[in-house]
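These notes are about the structure you will find just below.
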Amino acid sequence: MTRYFFLFLLLLSTAALADDGSRLWLNYDLIKDAKQRESYAPFTKFIAVSSDNQTLKIATEELQTGLQGLLGKKVTILKTATSTGGILLNVNQNAPSSANISNEGYEIYAEKGNIVISSKSETGVLYGAFELLRAIQMGKSLAKLSITSSPKVKIRMLNHWDNANGTVERGYAGSSMWKWNELPHRIDPRYVMYARANASIGINATSINNVNASSRFLTAEYLEKIKAVADVLRPYGIKVFISVNFRSPRTLGGLKTSDPLDPEVRKWWNDKTKEIHQYIPDFGGYLVKANSEGEPGPQDYGRTHADGANMLAEAMRPFSGIVIWRAFVYNADPNGDRFKEGYAQFKPLDGTFDPKVIVQVKNGPIDFMPREPFHPMFGAFPKTTLGMEFQITQEYLGQSTHLTYLAPMFKECLDTDTYAKGQGSTVAKVIDGSLYNAQYSLMAGVANTGSDVNWCGHPFNQSNWYAFGRLAWDHTLSSEQIASEWIRMTLTQTKQTEQKISDMMLKSHPIYVSYTYPLGTSHMMGESHHYGPEPWLAKSARPDWTSVYYHRADSIGLGFDRTGKLSNALQLYSPEVQQKWGNPEQCPLDYLLWFHHVPWSKKLSTGRSLWDELCVRYYDGPVQVGNLQKTWESLKANVDPEIFENVKGRLKIQEKEALWWRDACVLYFGEYSKMPLPKPLTPPQRTLNEVKKLVEIYHLR
Ligand code: GCW
């Protein structure tokens, strides 16, 4: 009997230890430090909420669940406070400093022995509840707590590239989390977890289907399903958007055309928009990829992007929703420069978009490369609301096998000065609407969620979802702070372990760039799957889908001259930016080959020639991955064993693949530079042909 009892205890303890990652950063594990737990006792005697509102109920229950986990005690929920020492949830139009906070903002403060969470809206209180739980997990004292927070960007959105058949375009975490075949009858409990996770970081919008959109999502059958999802997400403050196929009036409506100036087409969209609102009264709006990579659009009928977007905006006029129109467009022009395409097509349209239209622009001009200069559209469209599109899913950033923490990359873009209205006109100020006083503001992130038990594939990929949400709420937060929060809430409560993991995360993006795209190179990945290196790719359906189009390696040097000779793309930026990047002697090395064709033997600011510097970086990358492995190994006893093994295995793959990138690029570019590796680097153990075969094997898979 006793033996079985011990076995039972053992099983129980291992079960408690193993963390499959499914709880994301909301694991609410018991705070181990008893003193710290006790310090929260005087303020957690009860939770008081007077209303039956569903969002407030969710906030209350989240606090109760969170405190139960963190403090190990059940906190009672009261209608009104009967004594002091509790958490009071207030929806209050006249909160103390309410003038400074928006509808979704909140205040949390200690008052008369209670902790008050106050907001003008129920959703604001929910955000405040999550903030309080975060404060406790970060070890903050509650006695003098005083937090005021308001989102800087109004629409903080995930874009899912999920298809009706359950696949996810550029998804690396299993299949789609939306079970279209089960909806609307069965609500997967993961939808609720998804809603909680998003609300905890302030995400308030989601487009549920791929921008390469199927018209099917506009059928009555699918609207029923989407309504069921919207009903789950609504009390968490999340609005649902649908990606639409521009040809829907033809494919779905049986019309002869989808010309946006055709009255019947306009009527079809008006009617469809009304119909959607019968299912989803607070429908967020449409997201549109048009005339891009083969998708239909207004240009098919000789019309402009503005004609298309404004037609949808007109349909949306009676409602609160908006139209998000993507600027990711580029024509296959062998003599052109893809860098300039979005700008060229949209610039003449500045000032012609309906106020309900937001033009959503990728952070860089090409396509989510590991490091891109900011998109020149930011800062050049004073009369158009521009939204940001980041990619959280790591299409070009190691997918699910490389540890790459993206907050520093997001921030690099947001913090860059466009000089549009003089110094200080950062990209962040363009997209938060403050630079041009925009009515709407938008930050969207292409989601990395999937059916994997831990949602995101690589355990550390969760941190990029987290970081995106936190930055959409407040782009002034530092990458360090966001990392520290995520680590504390997800992996460890120990300061020393936290610091080591934070160090790994903060170094990870530069490390990834160093063995894939050093010195401002770009777009040299394997064709179509975008995994692994393929710098020799010279033929594809379009020239701008090859690698040679981008790196321009020849016997003289490497890089794309965008300062005038080959392309004048640099001129799309303000004079101050042109000055910063236009001179190869002064251009920051991280952007050098984006703008200049630099001779192999040219001495750089590091004192090394371009070739030597390139090699040093390609070689340093895998060494640094080795260091990540060592640090992780040293944490074996300090993190959950399941997560430990999972990350350890993926770091091993990362090391192998970093060497793959290194060897591919050094051997391939060596054929152009014809220079030896700088000492003490030793040549790769394999030939270029052998490395090329690795890619073929990948293709065969
Ligand atoms: O990066 C490219 C991707 C496509 C994607 C496209 C886009 C949804 O390779 O898979 O399509 O961008 O952003 O539209």
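The values are calculated or read from the model by the stated rules, or taken from the named source; none is laboratory data. On a predicted model such as this, the values are computed, not experimentally measured, just so you know. Every residue, glycine as well, gets a Cβ built from its backbone with ideal geometry; the counts of neighbours run over all protein chains shown. Only protein heavy atoms, including side chains, enter the accessible area calculation; ligands, DNA and RNA are left aside. Shrake-Rupley method; radii C 1.70, N 1.55, O 1.52, S 1.80 Å.
For the structure I just gave you, tell me whether Glu104 is in a loop (DSSP other than H, G, I, E, B), modelled with pLDDT of 95 or more and either under 20 Å from Ala195 (Cα atoms) or touching a Gly at 6+ places or on another chain (Cβ under 8 Å) (or both). Step through it out loud before you land on a result.
Numbers: in a loop (DSSP other than H, G, I, E, B): yes; modelled with pLDDT of 95 or more: yes; either under 20 Å from Ala195 (Cα atoms) or touching a Gly at 6+ places or on another chain (Cβ under 8 Å) (or both): yes.
So Glu104 fits the description; yes.
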*Read through the list (1) crowded, with 22+ Cβ neighbours inside 10 Å; (2) touching a Phe, Trp or Tyr at 6+ places or on another chain (Cβ under 7 Å), then give the number of the only condition that Asp350 fails.*
(1)
*Restricting the search to region 526-549, which residues are part of a loop (DSSP other than H, G, I, E, B), at pLDDT 95 or above and of a type in the set (Phe, Trp, Tyr)?*
Trp536
*Name the residues in region 215-256 that are in a helix (DSSP H, G or I) and either without any contact (Cβ under 8 Å) to a residue 24 or more places away in the chain or aromatic (Phe, Trp, Tyr) (or both), would you?*
Phe217, Glu221, Tyr222, Asp231, Tyr236, Pro249, Arg250
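Let's see how each residue does on (1) charged (D, E, K, R); (2) under 25 Å from Ala228 (Cβ atoms); (3) more than 16 Å from the ligand (Cβ to nearest atom):
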position: Trp269; (1), (2), (3): no, yes, yes
position: Ile280; (1), (2), (3): no, yes, yes
position: Leu287; (1), (2), (3): no, yes, no
position: Ser292; (1), (2), (3): no, no, no
position: Asp300; (1), (2), (3): yes, no, yes
position: His305; (1), (2), (3): no, no, no
position: Met316; (1), (2), (3): no, yes, yes
_Please verify whether Thr385 is away from the ligand (no atom under 16 Å from the Cβ), closer than 30 Å to Tyr279 by Cα and not aliphatic (A, V, I, L, M), treating the condition exactly as stated._
yes
_Arg617 - would you say it is farther than 30 Å from Thr492 by Cα, of a type in the set (D, E, K, R) and assigned to a loop (DSSP other than H, G, I, E, B)?_
no
*Filter result (surrounded by fewer than 19 Cβ atoms within 10 Å (Cβ to Cβ) and within 21 Å of the chain's Cα centre (by Cα)) within region 175-190*: Ser175, Arg190
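I'd like the full set of residues that are touching a strand residue (DSSP E or B) at 6+ places or on another chain (Cβ under 7 Å) and open to solvent by less than 40 Å² (accessible area, probe 1.4 Å), limited to region 559-595.
Gly559, Ser574, Leu592, Leu593
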*Scope region 303-342; condition open to solvent by 10 Å² or more (accessible area, probe 1.4 Å) and over 26 Å from Ser567 (Cβ atoms); matching residues*: Arg303, Asp307, Asn310, Glu314, Arg317, Pro318, Phe319, Ser320
*May I ask you to say which residue of Gln137, Gln68 is surrounded by fewer than 19 Cβ atoms within 10 Å (Cβ to Cβ) and not assigned by TED's automatic domain parsing to the domain that holds Ser400?*
Gln68
_Need pairs with beta-carbon distance below 9 Å; first residue closer than 17 Å to Tyr222 by Cα and within region 162-173, second more than 10 Å from the ligand (Cβ to nearest atom) and not in a loop (DSSP other than H, G, I, E, B); sequence gap 6+ or separate chains._
Asp162/Val168; Ala164/Arg216; Ala164/Phe217; Ala164/Tyr222
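Confirm whether Gly398 is assigned by TED's automatic domain parsing to the domain that holds Ala309 and open to solvent by less than 10 Å² (accessible area, probe 1.4 Å).
It is true that Gly398 is assigned by TED's automatic domain parsing to the domain that holds Ala309 and open to solvent by less than 10 Å² (accessible area, probe 1.4 Å).
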*Quick one: which residue in Ala173, Ala143, Ala164 is more than 16 Å from the ligand (Cβ to nearest atom) and either assigned by TED's automatic domain parsing to the domain that holds Gly450 or of a type in the set (A, V, I, L, M) (or both)?*
Ala143
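Let's see how each residue does on (1) open to solvent by less than 40 Å² (accessible area, probe 1.4 Å); (2) out of contact with any Cys (no Cβ under 6 Å at 6 or more places or on another chain); (3) of a type in the set (Val, Ile, Thr):
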{"residue": "Gly469", "(1), (2), (3)": "yes, yes, no"}
{"residue": "Ala472", "(1), (2), (3)": "yes, yes, no"}
{"residue": "Glu480", "(1), (2), (3)": "no, yes, no"}
{"residue": "Trp486", "(1), (2), (3)": "yes, yes, no"}
{"residue": "Tyr531", "(1), (2), (3)": "yes, yes, no"}
{"residue": "Glu534", "(1), (2), (3)": "yes, yes, no"}
{"residue": "Val548", "(1), (2), (3)": "no, yes, yes"}
{"residue": "Ser555", "(1), (2), (3)": "no, yes, no"}
